[in-house]
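Presented below is the structure to which this report refers.
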Amino acid sequence: MRVTKDYHVHSKFSHVRHAKNTVEEIVNKAIEVGLKEIAITNHGLSHITYGIRKRHLLSLRKEINELQMKYPNIKILLGVEANILSLNGDIDVTQDIIDNCDIVLCGYHTFVGYKTFKDFWSFMVLNKLAKKFGWFVEKQRKSNTQAIVKAMESKKINILTHPGEKLIVDIEKIAKSAEKNSIILEINSSHKHLSTEELKVCKLYDIKYIINSDSHSIDTIGDYKSGIDRAVESNINLKEVINLEI
């Protein structure tokens with residue numbers, strides 16, 4: 001079995017050299033490893049250090065259109081990995097950004113421009129205290145999960161990236177929301193989530209998955225072993241993994 005599409009790849013358009021390679025280098029690597037589709041998905045605008053600038057997003061659209069003509073044998077998509085900014089599930093993509101993109105991913109990341117101090121305090125302070133000392137873990141699990149579910153209900157996103165990474169969450173409620181809102185859940189090959197145990201919970205629901213590299217260097221494009229292994233070990237229906245050729 002093999003992965004045929006990778007919808008989570010960062011490029012040099014990310015701010016502060018978050019990723020190493022140009023879009024054309026990424027496309028050439030994707031062709032080399034036999035991918036049929038590749039999506040360039042830099043962090044959303046509100047990430048303080050790594051977020052793509054809006055003007056660069058427009059430039060990226062133009063470059064991808066040109067590269068698509070140059071490389072007709074692979075489909076090249078423009079996307080963005082949006083950030084969750086509040087406990088109410090606000091994310092940093094506006095309608096004009098959505099209209100400019102082919103696909104919208106979303107995940108929780110630290111060091112973003114949170115909407116309010118309350119959001120900052122909950123995500124950046126209370127979560128760390130809960131993880132370190134075991135205080136109010138269930139309260140944080142509930143508020144974190146609620147934020148992610150509200151983002152999923154916004155109808156703005158296609159794929160939820162690495163659910164469970166960096167936050168204590170109720171994976172079953174996220175799976176239920178994915179089923180209800182037709183959101184694809186990511187099995188991230190660079191991170192540990194979805195984990196095998198999380199996938200065992202998710203498989204109780206009618207949802208789709210995607211195995212992505214979350215590549216920040218072309219060296220990891222084509223390396224999907226970790227994601228495939230977790231999918232197999234969890235015994236999910238592999239036909240529900242949209243980019244897996246069995």
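Every number in this text was worked out from the coordinates using simple rules, so none of it is lab data. As the structure is a prediction and not an experimental result, all values here were calculated from the model.
Numbers at a glance
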read-out: Gaussian network model of the chain, Cα within-10 Å springs - most flexible of Ile48, Ile84, Ile174; value: Ile48
read-out: Length-normalised contact order of the stretch 2-245 in % [C-alpha pairs under 8 Å, at least 6 apart]; value: 20
read-out: Antiparallel DSSP beta bridges within the chain, percent to nearest 5; value: 15
read-out: Percent of C-alpha pairs per 10 Å bin, the stretch 2-245, short to long; value: 8, 33, 37, 19, 3, 0
